[in-house]
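Visitor: Shown below is the structure under consideration.
Derivation of every value follows stated rules applied to the coordinates shown; laboratory data play no part. Just so you know, these numbers come straight off a predicted model, no measurement behind them. When we count neighbours, we look across all protein chains shown, and the Cβ atoms used for this are built from the backbone with ideal geometry, even at glycine.
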Amino acid sequence: MTDDKVTIYLAGDSTVQTYPRTESKQAGWGQSIADYFTKEVTFYNYAIGGRSSKTFVEEGRLANILSEIKEGDYLFVQMGHNDSTKERPARYTEPYQEYKFYLKQYIEGARNKKAIPILITPVARLHYVLGEFLIDFGDYCNTMKETAEEMTVPIIDLMQTSIAYFSSIGYDQVYPFYMASHNKTDYTHFTKAGANQMARLVSEQVKDLSVPLASYVRGM
């Protein structure tokens, strides 16, 4: 691999994963993110639905990434949606201790391979009440920020960024970004249009980070 090539691994849940063509309406931002970077950047999307920071590790998915990741590569980590599901104890993590414990495994694992971890707070759901977009997963966002500060890890606050974007364009423009616009029930998962917008937001935030990857974001 030549020096100008960059490899990025994605660890995440259903809001990040790549969906098969048969699921033509639904998408995760991980399948659109490459469109916002130059051709020197290659993405490997290991994100998969229904996983928390804990189960992604327990199932060996992080280990699979760490068996491939190399010096100078990047590991993007967006976890939190499924960590919050108390009704599913197998994947639930207590936010201020257990969740942090698992986040550190991603960070330390990447750094042990001389790769660069980047944390990404959970992306917003379509939670709109009394004319306001509400922030979900607040404890997990806070813990991720604390962990990033403690371990000096770059972080993208996708929750805050997505809420700010939604507020700027309004509910009627945001609604088609979510699968609820097709099935009237799913206010978490994205349509292709929504996934594309979340990928754009991630790339814009990367551009503001003090990492070499920032120079590979395409001009928009």
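Visitor: List the trypsin sites (Lys or Arg not before Pro) within the range 48-99 that fall in a DSSP loop (any state other than H, G, I, E or B) and whose Cβ has at most 12 other Cβ atoms within 10 Å. Could the numbers behind the result be given before it?
Guide: Numbers: sites: Arg51, Lys54, Arg61, Lys70, Lys86, Arg91; in loops: Arg51, Lys70, Lys86, Arg91.
Answer in residue order: Lys70, Lys86.
Visitor: For Cα pairs less than 8 Å apart in space and 6+ apart in sequence, what is the mean separation divided by the residue count of the range 6-214, i.e. the relative contact order in percent? Mind dumping the intermediate values first?
Guide: Details: 399 pairs, mean separation 48.4, N = 209.
It rounds to 23 percent for the range 6-214.
Visitor: Same structure again: Tell me which DSSP H helices of the chain clear both cut-offs, 18 Å or more of axial length from alpha-carbon atoms and a mean Kyte-Doolittle hydropathy of at least 1.0. Before the final figure, lay out the partial values.
Guide: Details: long enough: 98-112 (21 Å, -1.18); 138-151 (20 Å, -1.17); 192-207 (23 Å, -0.50).
The qualifying helices: there are none.
Visitor: With Rg and the Kirkwood Rh both taken from Cα atoms, where does Rg over Rh land for the chain?
Guide: That ratio equals 0.94.
Visitor: Using a cut-off of 19 Å between alpha-carbon atoms, which lysines can reach Lys114, once sequence neighbours fewer than 8 places away in the same chain are excluded?
Guide: Straight-line reach from Lys114, under 19 Å: Lys5, Lys70, Lys104.
Visitor: Let me ask something else about it. Quick one: putting +1 on the C-beta of Lys and Arg, -1 on the C-beta of Asp and Glu, what dipole do you get for the range 6-214 around its Cα centre, in Debye to the nearest 20?
Guide: Here the range 6-214 has a charge dipole of around 480 debye.
Visitor: Can you list the residues, at least 5 places off or on another chain, whose amide H is less than 5 Å from the amide H of Tyr9, using H built in the peptide plane?
Guide: The list, which skips near neighbours in sequence, is Tyr44, Tyr74, Leu75, Phe76.
Visitor: How much of the pair distance distribution for the range 87-177 lies past 20 Å, counting alpha-carbon pairs only, in percent?
Guide: Counting pairs separated by more than 20 Å, the tail of P(r) holds 45 percent.
Visitor: While we're here: Each residue of the range 4-19 in turn: what ³J(HN,Hα) in whole Hz from Karplus with 6.51, -1.76, 1.60 and θ = phi - 60°, glycine and Pro shown as x?
Guide: Once θ is set to phi - 60°, the couplings for the range 4-19 become 8, 8, 10, 10, 10, 9, 10, 10, x, 10, 5, 6, 10, 4, 8, 9 Hz.
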